[in-house]
Amino acid sequence: MEIPVIDLKGLAGGDEERERTMAQLHEACKDWGFFWVENHGVEAALMEEVKSFVYRHYDEHLEKKFYASDLAKNLHLNKDDGDVLVDGGDLADQADWEATYFIQHRPKNTAADFPDIPPAARESLDAYIAQAVSLAELLAGCISTNLGLAGAAGVVDAFAPPFVGTKFAMYPPCPRPDLVWGLRAHTDAGGIILLLQDDAVGGLEFHRGGREWVPVGPTRRGRLFVNIGDQVEVLSGGAYKSVVHRVAAGAEGRRLSVATFYNPGPDAVIAPATAAAPYPGPYRYGDYLDYYQGTKFGDKAARFQAVKKLFS
(Lines give C-alpha, C1' and ligand atoms only; values in the text may rest on other atoms or scores of the structure.)
Protein backbone atom coordinates (compact mmCIF):
# COMPACT_ATOMS: atom_id res chain seq x y z
CA MET A 1 0.00 0.00 0.00
CA GLU A 2 1.63 3.21 -1.20
CA ILE A 3 1.42 6.37 0.89
CA PRO A 4 0.31 9.31 -1.32
CA VAL A 5 3.04 11.52 -2.74
CA ILE A 6 1.94 15.07 -3.62
CA ASP A 7 4.11 16.99 -6.08
CA LEU A 8 3.53 20.58 -4.98
CA LYS A 9 5.04 21.89 -8.19
CA GLY A 10 1.54 21.44 -9.62
CA LEU A 11 0.22 24.28 -7.48
CA ALA A 12 2.21 26.73 -9.61
CA GLY A 13 1.11 25.21 -12.91
CA GLY A 14 -1.85 25.92 -15.11
CA ASP A 15 -5.45 25.70 -13.96
CA GLU A 16 -5.80 22.03 -14.82
CA GLU A 17 -2.54 21.03 -13.12
CA ARG A 18 -3.35 23.06 -10.02
CA GLU A 19 -6.83 21.57 -9.82
CA ARG A 20 -5.39 18.07 -10.09
CA THR A 21 -2.85 18.76 -7.34
CA MET A 22 -5.50 20.25 -5.06
CA ALA A 23 -7.67 17.17 -5.62
CA GLN A 24 -4.74 14.88 -4.75
CA LEU A 25 -4.12 16.83 -1.56
CA HIS A 26 -7.81 16.65 -0.63
CA GLU A 27 -7.92 12.89 -1.14
CA ALA A 28 -4.72 12.39 0.86
CA CYS A 29 -6.09 14.44 3.79
CA LYS A 30 -9.52 12.81 3.64
CA ASP A 31 -8.55 9.18 3.10
CA TRP A 32 -5.15 8.99 4.78
CA GLY A 33 -4.41 11.96 7.08
CA PHE A 34 -0.72 11.69 6.17
CA PHE A 35 1.31 11.92 2.97
CA TRP A 36 4.66 12.79 1.39
CA VAL A 37 5.34 16.08 -0.38
CA GLU A 38 8.03 16.81 -2.96
CA ASN A 39 9.05 20.02 -4.70
CA HIS A 40 8.00 21.60 -1.43
CA GLY A 41 10.27 24.65 -1.43
CA VAL A 42 12.51 23.62 1.46
CA GLU A 43 16.10 23.57 0.22
CA ALA A 44 17.77 20.15 0.17
CA ALA A 45 21.03 21.66 1.46
CA LEU A 46 19.27 23.09 4.51
CA MET A 47 17.61 19.74 5.22
CA GLU A 48 21.01 18.05 5.18
CA GLU A 49 22.52 20.73 7.42
CA VAL A 50 19.75 20.25 9.98
CA LYS A 51 20.15 16.46 9.95
CA SER A 52 23.93 16.79 10.36
CA PHE A 53 23.41 19.12 13.31
CA VAL A 54 20.99 16.68 15.01
CA TYR A 55 23.43 13.78 14.63
CA ARG A 56 26.35 15.83 15.98
CA HIS A 57 24.34 17.25 18.86
CA TYR A 58 23.20 13.80 19.90
CA ASP A 59 26.72 12.36 19.72
CA GLU A 60 28.25 15.23 21.69
CA HIS A 61 25.56 16.09 24.23
CA LEU A 62 22.79 13.48 24.50
CA GLU A 63 24.05 9.95 23.93
CA LYS A 64 25.88 9.49 27.25
CA LYS A 65 23.00 11.04 29.21
CA PHE A 66 20.49 8.84 27.43
CA TYR A 67 22.32 5.59 28.16
CA ALA A 68 22.80 6.71 31.78
CA SER A 69 19.01 6.98 32.23
CA ASP A 70 17.12 4.47 34.37
CA LEU A 71 15.24 3.25 31.32
CA ALA A 72 18.43 2.45 29.40
CA LYS A 73 20.11 0.86 32.41
CA ASN A 74 17.13 -1.39 33.09
CA LEU A 75 16.86 -2.54 29.50
CA HIS A 76 20.60 -3.23 29.26
CA LEU A 77 20.45 -5.27 32.47
CA ASN A 78 17.48 -7.19 31.10
CA LYS A 79 19.52 -8.01 28.01
CA ASP A 80 22.77 -8.91 29.78
CA ASP A 81 21.41 -10.89 32.71
CA GLY A 82 18.22 -12.30 31.30
CA ASP A 83 16.41 -11.11 34.44
CA VAL A 84 13.12 -9.25 34.08
CA LEU A 85 13.82 -6.19 36.24
CA VAL A 86 10.81 -4.27 34.98
CA ASP A 87 7.40 -5.41 33.93
CA GLY A 88 7.33 -5.33 30.13
CA GLY A 89 3.69 -4.33 29.90
CA ASP A 90 4.07 -1.49 32.38
CA LEU A 91 7.23 -0.24 30.69
CA ALA A 92 5.60 -0.18 27.26
CA ASP A 93 2.81 1.95 28.72
CA GLN A 94 4.99 4.37 30.66
CA ALA A 95 8.18 5.13 28.76
CA ASP A 96 9.49 5.91 25.28
CA TRP A 97 12.88 4.91 23.89
CA GLU A 98 13.84 8.31 22.51
CA ALA A 99 16.27 11.13 23.23
CA THR A 100 14.47 14.42 22.59
CA TYR A 101 14.43 18.17 23.07
CA PHE A 102 12.04 20.87 21.88
CA ILE A 103 12.78 24.32 20.46
CA GLN A 104 10.09 26.95 19.99
CA HIS A 105 10.40 29.20 16.91
CA ARG A 106 7.23 31.32 16.79
CA PRO A 107 6.19 33.65 18.28
CA LYS A 108 9.27 33.35 20.52
CA ASN A 109 12.54 31.68 19.56
CA THR A 110 14.02 29.63 22.41
CA ALA A 111 17.14 28.39 20.60
CA ALA A 112 19.23 30.73 22.78
CA ASP A 113 18.20 28.61 25.77
CA PHE A 114 20.46 25.87 24.38
CA PRO A 115 24.03 27.13 24.77
CA ASP A 116 25.40 23.89 23.29
CA ILE A 117 23.88 24.81 19.89
CA PRO A 118 26.55 26.86 18.06
CA PRO A 119 25.62 30.06 16.18
CA ALA A 120 26.13 28.49 12.75
CA ALA A 121 23.71 25.68 13.60
CA ARG A 122 21.16 28.21 14.87
CA GLU A 123 21.38 30.08 11.58
CA SER A 124 20.74 26.89 9.64
CA LEU A 125 17.82 26.03 11.90
CA ASP A 126 16.31 29.49 11.50
CA ALA A 127 16.59 29.30 7.72
CA TYR A 128 15.08 25.80 7.65
CA ILE A 129 12.20 26.86 9.90
CA ALA A 130 11.44 29.94 7.79
CA GLN A 131 11.02 27.71 4.74
CA ALA A 132 9.08 25.09 6.73
CA VAL A 133 6.64 27.74 7.95
CA SER A 134 6.10 28.92 4.38
CA LEU A 135 5.34 25.32 3.40
CA ALA A 136 2.96 24.87 6.34
CA GLU A 137 1.11 28.07 5.43
CA LEU A 138 0.88 26.94 1.80
CA LEU A 139 -0.63 23.63 2.89
CA ALA A 140 -2.94 25.41 5.35
CA GLY A 141 -4.23 27.63 2.57
CA CYS A 142 -4.82 24.65 0.28
CA ILE A 143 -6.59 22.73 3.04
CA SER A 144 -8.82 25.75 3.74
CA THR A 145 -9.71 26.06 0.06
CA ASN A 146 -10.49 22.36 -0.24
CA LEU A 147 -12.73 22.54 2.83
CA GLY A 148 -14.44 25.76 1.74
CA LEU A 149 -13.13 27.60 4.79
CA ALA A 150 -12.76 31.30 4.02
CA GLY A 151 -11.49 34.27 6.03
CA ALA A 152 -11.43 33.79 9.79
CA ALA A 153 -12.63 30.20 9.39
CA GLY A 154 -9.52 29.30 7.37
CA VAL A 155 -6.67 27.45 9.01
CA VAL A 156 -4.11 30.27 8.90
CA ASP A 157 -6.51 32.85 10.38
CA ALA A 158 -7.93 30.42 12.92
CA PHE A 159 -4.43 29.57 14.16
CA ALA A 160 -3.17 33.18 14.28
CA PRO A 161 -0.79 33.97 15.72
CA PRO A 162 0.55 30.45 15.21
CA PHE A 163 2.80 28.54 17.56
CA VAL A 164 5.67 26.89 15.72
CA GLY A 165 8.05 24.51 17.44
CA THR A 166 10.23 21.53 16.61
CA LYS A 167 10.76 18.26 18.43
CA PHE A 168 14.23 16.89 17.71
CA ALA A 169 14.43 13.17 18.43
CA MET A 170 16.89 10.35 18.10
CA TYR A 171 15.83 6.72 18.47
CA PRO A 172 19.02 4.81 19.35
CA PRO A 173 19.49 1.04 19.00
CA CYS A 174 17.43 -0.62 21.72
CA PRO A 175 18.63 -3.75 23.59
CA ARG A 176 15.06 -4.92 24.25
CA PRO A 177 12.71 -3.59 21.54
CA ASP A 178 10.20 -6.20 22.67
CA LEU A 179 9.71 -4.30 25.94
CA VAL A 180 9.32 -0.69 24.86
CA TRP A 181 8.16 1.55 22.02
CA GLY A 182 10.29 4.28 20.54
CA LEU A 183 7.19 6.46 20.94
CA ARG A 184 3.79 5.20 22.07
CA ALA A 185 0.71 5.45 19.86
CA HIS A 186 -0.98 8.87 19.82
CA THR A 187 -2.43 11.59 17.63
CA ASP A 188 -0.87 15.06 17.47
CA ALA A 189 -2.68 17.84 19.32
CA GLY A 190 -2.08 20.66 16.87
CA GLY A 191 -2.44 21.48 13.21
CA ILE A 192 0.04 20.60 10.48
CA ILE A 193 3.17 18.57 11.21
CA LEU A 194 6.17 18.53 8.87
CA LEU A 195 8.60 15.68 9.40
CA LEU A 196 12.22 15.61 8.28
CA GLN A 197 13.39 12.11 9.07
CA ASP A 198 16.05 9.51 8.58
CA ASP A 199 16.95 8.36 5.08
CA ALA A 200 18.18 4.94 6.22
CA VAL A 201 16.29 3.70 9.30
CA GLY A 202 12.51 3.34 9.53
CA GLY A 203 10.23 2.71 12.49
CA LEU A 204 7.38 5.23 12.12
CA GLU A 205 3.94 3.62 11.66
CA PHE A 206 0.50 5.13 11.05
CA HIS A 207 -2.80 3.39 11.74
CA ARG A 208 -4.96 3.82 8.68
CA GLY A 209 -8.74 3.72 8.92
CA GLY A 210 -8.80 1.31 11.83
CA ARG A 211 -7.55 -1.43 9.52
CA GLU A 212 -3.80 -1.76 9.68
CA TRP A 213 -0.51 -0.18 10.65
CA VAL A 214 1.19 1.39 7.64
CA PRO A 215 5.01 1.66 7.86
CA VAL A 216 6.51 5.00 6.81
CA GLY A 217 9.82 4.11 5.24
CA PRO A 218 12.96 6.21 5.25
CA THR A 219 12.90 9.49 3.34
CA ARG A 220 13.51 9.34 -0.40
CA ARG A 221 14.31 12.03 -2.99
CA GLY A 222 14.32 14.93 -0.55
CA ARG A 223 10.68 14.53 0.40
CA LEU A 224 9.06 15.72 3.62
CA PHE A 225 6.37 13.78 5.44
CA VAL A 226 3.18 15.56 6.51
CA ASN A 227 0.40 14.61 8.90
CA ILE A 228 -2.56 16.54 10.23
CA GLY A 229 -3.38 17.04 13.89
CA ASP A 230 -6.46 17.19 16.07
CA GLN A 231 -7.21 20.87 15.40
CA VAL A 232 -7.53 20.36 11.64
CA GLU A 233 -9.93 17.52 12.36
CA VAL A 234 -12.03 19.82 14.55
CA LEU A 235 -11.99 22.72 12.08
CA SER A 236 -13.02 20.37 9.26
CA GLY A 237 -15.82 18.83 11.31
CA GLY A 238 -14.25 15.41 10.75
CA ALA A 239 -13.80 15.67 6.98
CA TYR A 240 -10.07 15.32 7.66
CA LYS A 241 -8.93 13.24 10.61
CA SER A 242 -5.78 13.16 12.69
CA VAL A 243 -4.29 9.68 12.65
CA VAL A 244 -2.84 7.53 15.42
CA HIS A 245 0.85 6.84 14.92
CA ARG A 246 3.77 5.33 16.81
CA VAL A 247 7.49 4.63 16.49
CA ALA A 248 8.85 1.11 16.94
CA ALA A 249 12.12 0.70 18.80
CA GLY A 250 14.78 -1.07 16.75
CA ALA A 251 17.67 -3.29 17.74
CA GLU A 252 19.95 -1.96 15.01
CA GLY A 253 20.65 1.49 13.63
CA ARG A 254 19.43 4.80 14.97
CA ARG A 255 16.57 6.84 13.57
CA LEU A 256 16.53 10.63 13.30
CA SER A 257 13.31 12.65 13.50
CA VAL A 258 12.82 16.42 13.17
CA ALA A 259 9.11 17.18 13.57
CA THR A 260 8.04 20.81 13.11
CA PHE A 261 4.59 21.66 14.44
CA TYR A 262 2.51 24.45 12.91
CA ASN A 263 -0.12 24.85 15.62
CA PRO A 264 -2.67 27.40 16.81
CA GLY A 265 -1.43 29.96 19.28
CA PRO A 266 -2.53 29.26 22.88
CA ASP A 267 -5.24 31.94 22.75
CA ALA A 268 -6.55 30.93 19.31
CA VAL A 269 -10.22 29.94 19.45
CA ILE A 270 -10.96 26.69 17.62
CA ALA A 271 -14.37 25.49 16.52
CA PRO A 272 -15.78 23.32 13.72
CA ALA A 273 -16.84 25.31 10.66
CA THR A 274 -20.27 23.69 10.86
CA ALA A 275 -22.20 22.37 13.83
CA ALA A 276 -20.74 18.86 14.18
CA ALA A 277 -22.03 16.97 17.21
CA PRO A 278 -18.94 14.84 17.92
CA TYR A 279 -16.61 17.83 18.03
CA PRO A 280 -15.91 20.42 20.71
CA GLY A 281 -15.75 24.16 20.16
CA PRO A 282 -15.36 26.98 20.53
CA TYR A 283 -12.46 26.57 22.96
CA ARG A 284 -9.02 28.05 23.57
CA TYR A 285 -6.33 25.90 22.06
CA GLY A 286 -4.26 26.43 25.21
CA ASP A 287 -7.01 24.74 27.24
CA TYR A 288 -7.13 21.85 24.79
CA LEU A 289 -3.36 21.46 24.95
CA ASP A 290 -3.34 21.43 28.74
CA TYR A 291 -5.89 18.62 28.74
CA TYR A 292 -4.04 16.79 25.97
CA GLN A 293 -0.84 16.62 28.04
CA GLY A 294 -2.47 14.12 30.39
CA THR A 295 -4.39 12.20 27.72
CA LYS A 296 -1.95 12.14 24.79
CA PHE A 297 -1.74 8.36 24.74
CA GLY A 298 -5.44 7.85 25.40
CA ASP A 299 -8.50 7.66 23.18
CA LYS A 300 -8.95 10.70 20.92
CA ALA A 301 -12.77 10.50 20.78
CA ALA A 302 -12.94 10.45 24.58
CA ARG A 303 -10.63 13.48 24.69
CA PHE A 304 -12.85 15.40 22.25
CA GLN A 305 -15.91 14.65 24.36
CA ALA A 306 -14.19 15.69 27.59
CA VAL A 307 -12.99 18.97 26.04
CA LYS A 308 -16.52 19.59 24.77
CA LYS A 309 -17.90 19.24 28.29
CA LEU A 310 -15.12 21.18 30.01
CA PHE A 311 -14.48 24.11 27.69
CA SER A 312 -17.11 24.47 24.95
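The values are calculated or read from the model by the stated rules, or taken from the named source; none is laboratory data. Model, not experiment: these values are computed from the prediction. We place every Cβ from the backbone using ideal geometry, glycine too, and count neighbours over all the protein chains shown. What goes into the accessible areas is simple: the full protein's heavy atoms, side chains included, and nothing from ligands, DNA or RNA. Shrake-Rupley method; radii C 1.70, N 1.55, O 1.52, S 1.80 Å.
Quick rundown of the values:
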read-out	value
Pairwise centroid distance, computed over Cα atoms, of the range 6-46 with the range 186-214, Å	18
Förster radius 35 Å - calculated FRET efficiency between K308 and E38, Cβ distance, rounded to 0.05	0.40
Relative contact order, percent, the chain [alpha-carbon distance under 8 Å, six or more residues apart]	21
Cα long-axis angle, helix 44-57 against the chain (0 to 90 degrees, to the nearest 10)	30
Share of carbon and sulfur in the accessible heavy-atom surface of the range 197-254 [1.4 Å probe, %]	47
Pairwise FRET efficiency - H207 versus D59, Cβ, R0 = 30 Å, nearest 0.05	0.35
Estimated vicinal HN-Hα couplings, Hz - the range 123-138 in sequence order (Karplus 6.51, -1.76, 1.60; Gly, Pro = x)	4, 5, 4, 4, 5, 4, 5, 4, 6, 5, 5, 4, 5, 4, 5, 4
Inter-site label distance for N109 and R122 at 7 Å from Cα along Cβ, in nm	0.8
19 Å reach of a label modelled at R284, 7 Å along Cα-to-Cβ, counting backbone N of the range 138-160	158-160
Which of R18, R303, R246, R254 is most accessible, then next, and so on - probe 1.4 Å	R18, R254, R246, R303
(1) 1.10; (2) 1.01; (3) 0.97, with the label sought being that of the calculated Rg/Rh (Cα atoms, Kirkwood Rh)	(3)
Amide H partners (placed H, <5 Å) of C174, local residues excluded	G250, A251, E252
For F163, distant residues with modelled amide H under 5 Å away	N263, G265
Length added when fully stretched, A130-A23, from 0.36 nm per residue minus Cα-Cα	35.9 nm
J(HN,Hα) series, the range 249-257, from Karplus relation 6.51 cos²θ - 1.76 cosθ + 1.60, nearest Hz, glycine and proline x	6, x, 7, 10, x, 10, 10, 9, 9
Whole-number accessible area per residue in Å² for the chain, which is evaluated in the context of all protein chains at 1.4 Å	45
Whole-Hz ³J(HN,Hα) from phi, Karplus 6.51 cos²θ - 1.76 cosθ + 1.60, for the range 226-243, glycine and proline x	10, 9, 9, x, 4, 6, 5, 4, 5, 4, 7, x, x, 4, 10, 10, 5, 10
Low-density loop cleavage sites - trypsin sites (Lys or Arg not before Pro) in the range 155-211, where at most 14 other Cβ are within 10 Å (DSSP)	R211
